[in-house]
Amino acid sequence: MTAVTPYRSDLRAGRDGFWQLVRAEWTKFRTVHGWVAGVATGALLVVGLGLSFAAGSHSSCSKGPVEVPCPVPPLGPGGQAVEDRFFFVHQPLDGDGVITARVTSMTGLIRKPDATPGVRNVVAGVVPWAKAGIMIKESTEQGASYAAVMVTGSHGVRMQHDFTEDVAGRPGGVSPRSPRWLRLTRTGDTITGEESPDGRRWTRVGTARLEGLPARARIGLFVASPGDLTISPNAAGGSIAASRFAEATAVVDRVSVRGAGTGGTWKSDDIGVTTEVDGVTPHHPGRLERSGGTFAVTGVGDVAPLTGESTVERTLTGAMAGLIAVIVVGVLFVTAEYRRRLIHTTMLASPRRGRVLAAKAVVIGSVTFLAGLSAAGVTLPAGRRILRGNGVFTQPVPLLTELRVIAGVAALLAVAAVLGLALGALFRRSATAVVVAVAATLVPYVLAIMSFLPESVSEWLLRITPAAGFAIQQSVPEYPQVLAHYAPVAGYYPLAPWAGFAVLCGYTAAALALAAYRLRGRDV
Amino acid sequence: MRYAVYAEWTKLRTMPGPGWLLAGTVVLTVALSAVAASSVTCASAGCGHDAARIGLQGVQLGQATVALLAVLMVCGEYGTGMIRTSLVAMPRRTAVLAAKAAVLTGLTLAAGTAAVLGSVLAGRLLLPGSGFTPAHGYPPLSPADGPTLRAAAGSVLYLALIALLSLGVATAVRDSAAATGTVLGLLYLLPLAVRMVADEEAQRLLWQLSPASAGLAVQATTDAAVLPLGPWAGLGVLAAWASAALLAGGLLLRRRDA
C-alpha cells in the first residue's frame, strides 16, 4: 500500500482580503465601457441640465420705459438675504438707553383674491405675522442689525433680532381694553426686551447681543405687515402661492425714550419702500398720524429672512436625471453578471457572497460619489455665475451649507446607485430593479410636486419614502416666524437635510442587507 | 401575421411576469387614485379642483408597470437569447414587432380599462366624502358624463400609447435597464424639467412636447382651457412619440444583427 500525498501547489496562497475584492470589482467596472459611460452620462446630465437651466433663466425689471437690473435683496448681519421693509419712526440714540411704549390697537387692510375679476377686494384684518412695536437698529440702512420687541397679528408678543432670531412672549392680541406695554433697554451690545400688561409689572421676553453695534444707533417705533399668502391649486398640477398686499396700523401711546442723543424730534422713514414705475412715487407707502402723544403708525413689508425659490440648489436640478443614469449602472453592475454568467466565476473566486456585494457597493458608491462631486462642484458655482450674469438673484448661503449641498447631491447619487445595486442583486432582473429603484426614489418626488395630492400627503411622501433623501439639497431653512409657502414644490422638504438623507440611507441599508441574505440562501 | 400574434401571445401567457405586471397596473392605479380621491379636499363651491383628474391620478403610477411590461416583452428575449429563435421562426422582423405591439396594445387596453373603471368607481365612492358634493358643484363621477367619459377613455388610450412608446424604445435600446431608465426618464423627468424652466414660453413648449404632461391633458375636464394643449391634441403628442419610437425601433430591428 502506498501513501498518496495530496497535491500541493508550489504557488503561495493568494490573499483574499476585502480590498482584493474591491480591486477586482473596480477592474470589472472600469473595463465595461457602458458602465463608465453611464456614470459619465449621469455626471454630464447634472452639469448640462444645470447650466442650461441657469442659462435659460433671465430676469429683468423695468423702471418706466427703461429696463434696469432687478433690485438685489439686502443682506442681513448673518450674510443671508433678508426682507427689510417697514415704517420706522425714530430718534438717534448714543450709547445706552431705554424706550417704552404702549400698543393699544392693531388693525389693518388685506387684499383678498378678487371676487369679481379686476375689482380690488380689500377687507379689514391683520395678517398673522404683522408686526408693531419698538426697535433699536444700527442705522436706517436695509439689512442693518436690529433688535425689536413687538406685538404681532396672531402670534402674541415676540422679541426678534437680526432677522433670523425669534423668541415668543405672552400670546394674545391687543385692544384698547387690554393694551400691551413694551420696553427695550440697551446696555452696550446687549438689548433686553420686556413686556407688561400695565406698565408696572414687567416680564422679560428675551435678550439679544448685537455684535459691533455702533455707539450711535436709531431707536423708535416700527410697523410692518407681510403680504397675505394664499395657496391655490395649479391647473398643471401642484400648487401656486400668491402674496397680496396687506398693511397694518398700530396705535401707540405713552412713548418715552431715555438716553443720550434722544429727546429731539421724531423722524419718519419708510425703510425699503418700493416705488411705482416712475421710480419716485412710493408704492403702498406707510405713514404716521400723530396727535399729541398718540402715534398711529401704518406700515407695509416685513423684517424677516427671505424665503422663496431663489436658492442655489436650483442649479442642481439635473441631479434628478443623473439619478436615473446611476441607478441603471448600479443595477447593471450586478444583473449583467447574472446575464453573462460571470457571477459563477465571481462566487467561485470569492465564496463569501456578502463580501462580494459589499465590495460592489464600495466600488459603485465611490465612483458615483466622485463623479457626482465633480459634477455638482462645477455646476453650482458656474450656474450661480450664469444666473447672476442673467440678472437672477440667488440667495447667499454659508460656505458649509454650500459644501453640504454639493457633497449631499453627490452622496444622493452614490446612495441611489447602491440602492440600484442592492435591488439588482435582490431581483436579478435589470428592468424590475430599475423600475423599483426609480419608483422608490423619483416617483414619490414627482407625485409630491406635480400632482393634485394635497400638501400634507406630499409631505408624507417625502418623509417615509426614499425620496426623503432629496432634502439634503435644501439650502435655506424654514423659519417658523415667516409665513411662506413651505412646500416641496417650493423647495422645502418636511425633514431636515440630514434626517431626510438618513431615511434614504436606511432604505438602502435594508435593501443591501436583504440582498446579502438572499444571495447567501439562493443558488447563483 | 395571425400566427405571429398567436406566438407572441403564447410567449407572454406562459410567463408569470406579465400577469403580475398587469394585475399590478390595476392595483397601483386604483390605489393611488383612491388615495388622491380621499385626501384632496374641496371645502367650498368653486374650490378649483378637477374631480375627474383627481379620480384618475393613479395613472401616474400605473404607467410605470405598463412601461415595464413593454420593456420586458422585448428585452427579456434579448436577455435570454430567445430573440434569435423568434427571428429564425419569423424572419419578417417588422411583423414580429407588429405582433408584439398588437398583443401589448390588447393587454394594456384590457388592464387599463379595468384600472380606469376601478379608479372612477373609487372616485365616485370617495370623492363625496372629501367635499366633492353636488352642493359644491361636483356631481358624482360617472362615465356617462361626456367630459368624464373622455377623461376615462383617454386615460386607457394613454396607458396603451405609453406601452407602445416603451416597446419602441426597448426595441431600439435592447438592454432592459437602459430602456427602463430611458422610458422612466421620459415619463417622470420631462414633466419635472417643465417645472424648472423659468421662461414661460419655453415652459409651454416643453410642456407641449413632454409625452406625460401633454398626454395626460386628456384627463382635464374643467380646466382644459388653461392647459397649453387641448385634450385630444395632447394625446396626439403622445401618439406621435409612440409612433416615432416604434418607427425607430422597427428600423433598428430590421438593420441590426440580433
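Here are some notes:
- Working note: Cα gyration tensor of region A:89-208, eigenvalues times five, square-rooted, sorted largest first, giving semi-axes of 29, 18, 12 Å.
- Distance (nanometres) between label positions extended 7 Å along Cα→Cβ at residue A:245 and residue A:268: 1.7 nm
- R0 of 35 Å, Cβ-Cβ distance residue A:498-residue A:18: FRET efficiency to nearest 0.05: 0.80
- Across region A:82-305, the relative contact order, built from alpha-carbon pairs under 8 Å that are at least six residues apart, equals 33 percent.
- Listed as lacking a disulfide-compatible partner in chain B: B:75, by the criterion of no other cysteine Cβ under 4.7 Å.
- Distance between the 7 Å Cα→Cβ label points at residue B:257 and residue B:92: 2.6 nm.
- Average partner coverage of B:47-55, which counts Cβ from other chains inside 10 Å: 2
- Tensor-based shape of region B:2-255 (alpha-carbon gyration tensor, a/c under 1.5 rounded, otherwise prolate or oblate): prolate
- Residue-span extension gain [residue A:204 to residue A:59] - 0.36 nm each, minus C-alpha spacing: 47.6 nm
- Region B:165-174 - phi-based ³J(HN,Hα) in whole Hz, Karplus 6.51/-1.76/1.60, Gly and Pro as x: 4, 5, 4, x, 4, 5, 5, 6, 8, 6
- Label point 7 Å beyond Cα of residue A:366 along Cβ direction - residues of region A:310-340 with amide nitrogen under 13 Å: none
- Distance from the C-alpha centroid of region A:381-456 to that of region B:186-202: 16 Å, rounded to the whole angstrom.
- Legend: calculated FRET efficiency, residue A:253 to residue A:115, from the Cβ-Cβ distance at R0 = 41 Å, rounded to 0.05, equals 0.65.
- Gyration tensor (alpha-carbon) shape descriptor, region A:142-221, a/c threshold 1.5: prolate
- Per-peptide average of other Cβ atoms within 10 Å, ordering B:134-147, A:463-476, A:488-501 highest first: A:463-476, A:488-501, B:134-147
- Across chain B, the mean sequence separation of Cα contacts (distance under 8 Å, 6 or more residues apart), normalised by length, yields a relative contact order of 24 percent.
- When Rg and Dmax are taken over the Cα atoms of the protein assembly as shown, they come to 31.6, 127 Å.
- Charge dipole of the protein assembly as shown (Cα centre as origin; +1 on each Lys and Arg Cβ, -1 on each Asp and Glu Cβ, all else neutral): 2860 debye, rounded to the nearest 20.
- Equivalent ellipsoid semi-axes - Cα gyration tensor, region A:259-387, angstrom: 66, 17, 12
- Prolate/oblate/rounded label for region A:397-466 (Cα gyration tensor, a/c 1.5): oblate
- Scalar couplings 3J(HN,Hα) for region B:136-141, obtained by applying the Karplus form with A = 6.51, B = -1.76, C = 1.60 to θ = phi - 60°, are 8, x, 10, x, x, 4 Hz; x denotes Gly and Pro.
- Taking all Cα pairs closer than 8 Å and separated by 6 or more residues, the relative contact order of region A:284-404 comes to 30 percent.
- By accessible area with a 1.4 Å probe, ligands and nucleic acids excluded, highest first: order of A:266, B:232: B:232, A:266
- Stokes-Einstein diffusion for region B:116-258, with the hydrodynamic radius set to the Kirkwood value over Cα pairs and evaluated at 25 °C in a medium of 0.890 mPa s, equals 146 µm²/s.
- Averaged over A:321-330, number of beta-carbon atoms from partner chains that fall within 10 Å: 4
- Under-5 Å amide H pairs with residue A:86, H placed in peptide plane, nonlocal only: A:271
- Applying 1/(1 + (r/R0)^6) with r as the Cβ-Cβ distance of residue A:275 and residue B:248 and R0 = 60 angstrom yields a FRET efficiency of 0.60.
- By the rule of a second cysteine Cβ within less than 4.7 angstrom, chain A holds isolated cysteines at A:505.
- Here's how it looks for residue B:220: its modeled amide H is under 5 Å from none belonging to a residue 5 or more places away or on a different chain.
The values are calculated or read from the model by the stated rules, or taken from the named source; none is laboratory data. The structure presented is a predicted model; accordingly, all values stated were derived computationally and were not measured. No Cβ is skipped: glycine too gets one built from the backbone with ideal geometry, and neighbour counts run over all protein chains shown. The accessibility values were calculated without ligands, DNA or RNA, using every heavy atom of the protein model including side chains. Shrake-Rupley method; radii C 1.70, N 1.55, O 1.52, S 1.80 Å.
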